[in-house]
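Have a look at the structure below before the remarks.
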Amino acid sequence: MDRMDDAPAYPVGLRLRGRRVVVIGGGQVAQRRLPALVAAGADIVVVAPRATASVEAMADAGELRWERRAYRPGDLAEAWYALVASTDPAANAAASAEAEERRVWCVRSDDADAATAWTPATGRTEGVTVAVLTGRDPRRSAAVRDAVVEGLRDGSLVAPQHRARTAGVALVGGGPGDPDLITVRGRRLLAEADVVIADRLGPRDLLGELPPHVEVIDAAKIPYGRAMAQEAINAALIEHAKAGKAVVRLKGGDPYVFGRGMEEAEALAAAGIAVTVVPGISSAISVPGAAGIPVTHRGVAHEFTVVSGHVAPDDARSLVDWSALARMRGTLVLLMAVERIGAIADTLIAGGRPAGTPVAVVQEGTTAAQRRVDATLSSVAHTVAEEGVRPPAVIVIGDVVTVGRSGAGRG
């Protein structure tokens with residue numbers, strides 16, 4: 001067979017479901033290529049005297065047939081596609097020659113120039129298959145593939161869908177504030193949105209990356225007054241979704257952790273609008289972590305409790321059993337508690353929590369403005385006032401506060 005010239009390869013997608021594919025060799029190359037052939041539904045026959053444990057497991061699971069022997073002439077009869085990847089150069093050459101004779105497209109792992117087909121670097125995301133060929137530079141193919149797939153996943157590479165989309169709303173948890181901490185799915189949905197209704201605690205930097213046609217609505221500025229804010233937000237979500245728009249409700253943290261996400265989901269469901277919930281990284285765990293505080297630690301805390309502090313302990317609307325929390329020995333994480341930390345600290349001390357319990361207040365966690373203020377349960381109210389701490393801030397109460405700084409509980 002003449003060597004292939006420098007003409008570019010013709011890209012094509014093979015539909016192999018139910019069609020015979022022969023793989024010569026059962027080593028690492030075959031192990032890497034077989035999962036894609038299995039996923040394509042091919043009728044796979046592996047011809048090899050030995051195989052890796054993974055290839056053997058695929059045979060045991062019935063995903064392919066393994067003939068435990070060396071290549072023999074005639075093995076490629078009725079094949080549609082062949083992968084030649086054995087460690088025997090003579091067998092590879094013979095199998096390649098048979099493929100040429102039978103007009104079977106053949107990939108050669110040991111000699112790309114002698115092959116009639118090349119395997120592209122492939123990746124898949126959200127129904128899109130990316131296949132990259134760069135001739136004889138597989139590392140560059142893989143690098144380009146990774147860049148394209150990652151761009152599609154995180155929304156930095158925008159590829160609008162031109163088919164009809166079902167109107168709906170995605171409740172997206174944006175994480176604690178750092179734009180890099182939103183999930184891949186959340187970032188992709190943002191890139192595909194027509195309308196974004198954003199909380200002030202969401203990752204604001206991401207809004208600047210949106211295309212010009214995207215309508216951004218600041219949820220804090222929706223009219224009708226503070227008492228009607230949630231109802232107005234629900235109405236705005238429903239209105240835009242019914243207009244056929246792809247709507248993202250961008251929230252800080254996780255939609256279901258003090259984010260009123262379920263109220264919005266219920267309102268949308270009642271209006272017959274499809275809802276997608278994308279979980280986010282909760283500030284209750286991520287902000288302490290960013291400040292060097294583990295919410296649990298071996299020998300120090302075996303549990304942590306997350307509590308909203310937006311209602312004071314003595315308020316009739318409070319649903320929190322503060323006396324029970326005071327008796328617990330684990331970590332207590334308070335959200336939305338800056339304004340009421342004095343009353344909360346006094347209640348915990350009165351309930352039995354030691355006045356000297358370490359406390360850390362982390363303001364604007366995970367952002368460039370992050371700062372940490374340390375105190376004790378008895379001094380935290382004074383410290384917060386003296387240091388001018390303002391929301392948003394996460395307050396951590398417990399011995400874990402000192403773990404990263406003093407080494408307490410290590411070993």
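The values are calculated or read from the model by the stated rules, or taken from the named source; none is laboratory data. Everything numeric here is computed off the predicted structure, so don't read it as measured data. Neighbour counts run over all protein chains shown; Cβ positions are idealised from the backbone, glycine included.
Quick look at the values:
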quantity	calculated
Which numbered condition Ala381 fails, given (1) out of contact with any strand residue (DSSP E or B) (no Cβ under 8 Å at 6 or more places or on another chain); (2) closer than 19 Å to Asp321 by Cα	(2)
Complete set of residues in segment 271-308 that are surrounded by fewer than 19 Cβ atoms within 10 Å (Cβ to Cβ) and closer than 18 Å to Ile341 by Cα	Thr305, Val306, Ser308
Residues located in segment 280-299, provided they are over 19 Å from the mean Cα position of the chain (by Cα) and assigned to a helix (DSSP H, G or I)	Pro288
Single residue of segment 1-60 satisfying the filter (basic (Lys, Arg) and in a loop (DSSP other than H, G, I, E, B)) that is modelled with the lowest pLDDT	Arg3
Given (1) in contact (Cβ under 8 Å) with a residue 12 or more places away in the chain; (2) assigned to a loop (DSSP other than H, G, I, E, B), index of the condition Val361 fails	(2)
Among (1) in a helix (DSSP H, G or I); (2) more than 20 Å from Val295 (Cβ to Cβ), the one test that Val400 misses	(2)
Residues located in segment 332-351, provided they are among the hydrophobic types (A, V, I, L, M, F, W, C) and assigned to a loop (DSSP other than H, G, I, E, B)	Met336, Ala337
Candidate set: segment 216-235, residues that are in a helix (DSSP H, G or I) and not hydrophobic (A, V, I, L, M, F, W, C); chosen: the one modelled with the highest pLDDT	Asn234
Residues of segment 253-279 classified as in contact with a helix residue (DSSP H, G or I) (Cβ under 7 Å, 6 or more places away or on another chain) and not in a helix (DSSP H, G or I), total	10
Output for segment 62-103, where each listed residue is touching a Leu at 6+ places or on another chain (Cβ under 6 Å) and in contact (Cβ under 8 Å) with a residue 60 or more places away in the chain	Ala82
